Amino acid sequence: MKQAVLTKKVKHLETTEISVKLFIFLFVFLPFSLWAHQGQQVFKLCAACHGPHGEGKPDIEVPQIAGLPSWYVKKQLVKFKKGVRGKHPQDIAGMRMAPMARTLKDKDIEVVAEYVASLKPSSHKEEVSGDKANGQAKFATCMACHGPKAQGNQAIGAPPLVHLDAWYIKKQIKNFQKGIRGRDASKDPEGAQMAPMAATLSGDKDIQDVIFYIKSL
C-alpha cells in the first residue's frame, strides 16, 4: 500500500515537472525565440547599410550599432520616425535614416531594437590618437551623464559611448555644437541637454582628446 502511494506521488511529481518545463518552453523560450526571429527579419532592412552584424560602414557614414542597448535604439528610431532627427538639411546621414525608420511599425521597432542589442560589437580597434590627460579632464563633464566608464545611464537617456565609432562620436559632437541636433527641448530633451555639454569642447583638439580617452576605457 505504502509502495503504491509512493509510486503515485513520484508519478505526480514527474508530471508536475514536465508541466513546468512545458510551461517555461511555451511561455518563455518560444516567445523569446519568435521575438528574436522577428527582430532578425526586420533587421534585414537595416543590414543594407549597417551591415549584417550591425558593424556599420564608415565610408558612407553609417555607424556601428551592434550591442547598443535596446532602449536607446528604440528611442532613436522613434525620433527618426517622427522627424526629430534626420530633418536638418546638413544632416545628410540622418536624412537617409529617417525614411527607413518611417517604414517601421511600433512592433517592428520593439523587436529590431532587441535584436540589435543582442549583436556583439565589433572587436576592431580604431587607430585614435590624442592627449589622454586633457581628454580625461574634458570627459569629467561627459561623465556626469555617461558614467565614469562611458557605460551610459538609461535613467537620464544617456547612451553608452564605449562601442561607438570614433568618427561617429566626433560627427555627433559637432552636430550638437552646430545645432543640427538638440535644438528642440520639447521633442528631444536628451539632445537639448547634450548641446551645451558639447559646447564645452572648445575645438577639434578637445574633441579628439576626449574621444581618445573614451577609447582607452
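What follows is calculated from the coordinates using simple rules that are stated; it is not laboratory data. Quantities reported herein were computed from a predicted structural model and do not represent experimental measurements. We place every Cβ from the backbone using ideal geometry, glycine too, and count neighbours over all the protein chains shown.
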Students often get this wrong, so check it: of Lys107/Lys178; Lys75/Lys170; Lys107/Lys174, which have C-alpha atoms separated by over 29 Å?
Lys107/Lys178; Lys107/Lys174
Hz values of 3J(HN,Hα) by residue in region 162-176 - Karplus curve (6.51, -1.76, 1.60), Gly and Pro given as x:
4, 9, 6, 5, 4, 4, 6, 4, 4, 4, 6, 4, 5, 4, 5
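State the Kirkwood hydrodynamic radius of region 125-217 in Å, one decimal place, computed from all pairs of distinct Cα atoms.
Numbers: mean 1/r = 0.0760 Å⁻¹.
Hydrodynamic radius (Kirkwood, Cα only) of region 125-217 equals 13.2 Å.
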3J(HN,Hα) from dihedral phi, region 68-83, Karplus parametrisation 6.51/-1.76/1.60, rounded to Hz, x for glycine, proline
5, x, 4, 4, 6, 4, 4, 4, 6, 4, 5, 5, 5, 5, 8, x
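What trypsin sites (Lys or Arg not before Pro) does region 49-119 have in DSSP loop regions with at most 12 other beta carbons within 10 Å?
Numbers: sites: Lys74, Lys75, Lys79, Lys81, Lys82, Arg85, Lys87, Arg96, Arg102, Lys105, Lys107; in loops: Arg85, Lys87, Lys105.
Counting only loop positions with at most 12 other Cβ atoms within 10 Å, the trypsin sites (Lys or Arg not before Pro) in region 49-119 are Lys105.
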Under 5 Å, built H, 5+ apart or other chain: amide partners of Lys57
Val62
Quick check on packing: order 115-126, 139-150 by the mean number of other C-beta atoms within 10 Å, highest mean leading.
139-150, 115-126
